[in-house]
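Step one of this worksheet: look at the structure below.
All of the numbers you see were taken from the coordinates with simple rules; none came from a lab. Given the structure is predicted, the values throughout are model-derived calculations rather than measurements. Cβ: placed from backbone, ideal geometry, glycine included. Neighbour counts: every protein chain shown.
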Amino acid sequence: MRIMHLEASTGWGGQEIRILRESVGMRARGHEVILAVMAGAELGKRARQAGLTVYELDFRRSAWWHSFWRLCRIFKQHAIEVVNTHSSLDAWLGGLVARWVGCKVVRTRHLSTPIKRGLNSRLLYGKLADFVVTTCESIVETIVRQSGKERRFCRSVPTGIAAEHVDVKPEEVLAFRKQWGFSSKEFVVGTACVMRSWKGIQDLLLAADRLRHIADLRWVVIGGGHAETYHAMAKELHLGGKVLLQAAYLRRPLIATATGGLGEVCLDQITGILVSPFRSDQVAEAVLRLKESRSERERLGDRARVRVVEHFLWQQTLDNMEQIFLHVVGNSRAH
């Protein structure tokens, strides 16, 4: 197949990382993969380093007329069979160009937040997409309902983990603890993500504040995004000695809300503990429960690993996306 990814975002987070990993993975399976990104985008730089063909486009609405015809030429030059769009601006431009040149469209919705109602969803996820992929099951029915697309043309394909890169040796754990001044007896609670307002970092910090009286409890928050906001919050709460601002496959029990795709990994009382959004008291209660029961941590952690192995490995992500691309292109070739 000849696949093209369009991405208007210039940032570097989970969405862009998935696009790059998926592109490299599909190329390894024998498919030709081309990317078109905004000028200066981190995705473009890293894709070139990976040896992928990358074009720079201006996805801003003011430049659509020029970008439309340039993208048409790129499509025809590479005989693109399916285009995968990822953000709003590239979905509009890519969808229109694809319809003009007769190319199939797969629209990936990386966010678990609701889509805009009305004409926007009807066009962007309905008319301008042949197939819609989400990264969590919870948003599928919403998209089907609002876009009018048949359920069989909308599917969740979670972003799996590369198991070969997720293996922490005991000496690495000791080195990490030593680096940050943690003793081997201290209980560490942590999260790693691109920090956004809806990801519950505030609740984690407030939970740390609630449990500041527990001497052997330490908190670690790792990631970029809006990190400065939470640096400031930690400072205001005087958590400098408790929180360092800078997962399931490793048999660690989970604490999460049911928002987005988290509830698909963190099954309450099976692989972890589900808490309500904006409830730092529940986060604190869950942390204490796990801290006080090693057997509970091991039980939930073991089941969490099984859950990931069965449903959330990167190989499964590639298999599912390849199947979708082949289905969409196959239907096109048949006609």
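Observations
- A dipole drawn for segment 163-311 from +1 and -1 charges on Cβ atoms has a positive end, and of Gly261, Leu217, Val275 the residue lying farthest that way is Leu217.
- For segment 88-134 and segment 1-65, distance of Cα centres in Å: 17
- Given the choices [x] 94, 52, 48; [y] 65, 41, 36; [z] 68, 45, 42, Cα extents along the principal axes in Å derived from the coordinates of this structure is entry [y].
- Backbone N within segment 283-307 under 17 Å of label point (7 Å from Val173 Cα along the Cβ vector): 290-306
- Segment 163-311, Cα convex hull volume normalised per residue, Å³: 115
- Among His110, His66, the order by Cβ neighbours within 10 angstrom, fewest to most, reads His66, His110.
- Cβ charges +1 (Lys, Arg) and -1 (Asp, Glu), total dipole of the chain, debye: 700
- 5 angstrom amide H check on Asn84, placed H, neighbours 5+ away: Met4, His5, Leu6, Val106
- Listed residue (Thr159, Thr135, His78) projecting farthest to the positive dipole end of the chain, Cβ model: His78
- Sorted by Cβ density within 10 Å, fewest first, the residues Glu164, Glu22, Glu32, Glu298: Glu164, Glu298, Glu32, Glu22
- The chymotrypsin sites (Phe, Trp or Tyr not before Pro) of segment 106-201 that DSSP puts in a loop, and whose beta carbon has at most 15 other beta carbons within 10 Å, are Trp180.
- Pairs spanning more than 32 Å between alpha-carbon atoms, out of Lys116/Lys199; Lys45/Lys76; Lys76/Lys127; Lys169/Lys199; Lys185/Lys235; Lys76/Lys199: Lys76/Lys199.
- As a rough guide to protection, the peptides 323-330, 82-89 ranked by mean Cβ packing within 10 Å, highest first, stand as 82-89, 323-330.
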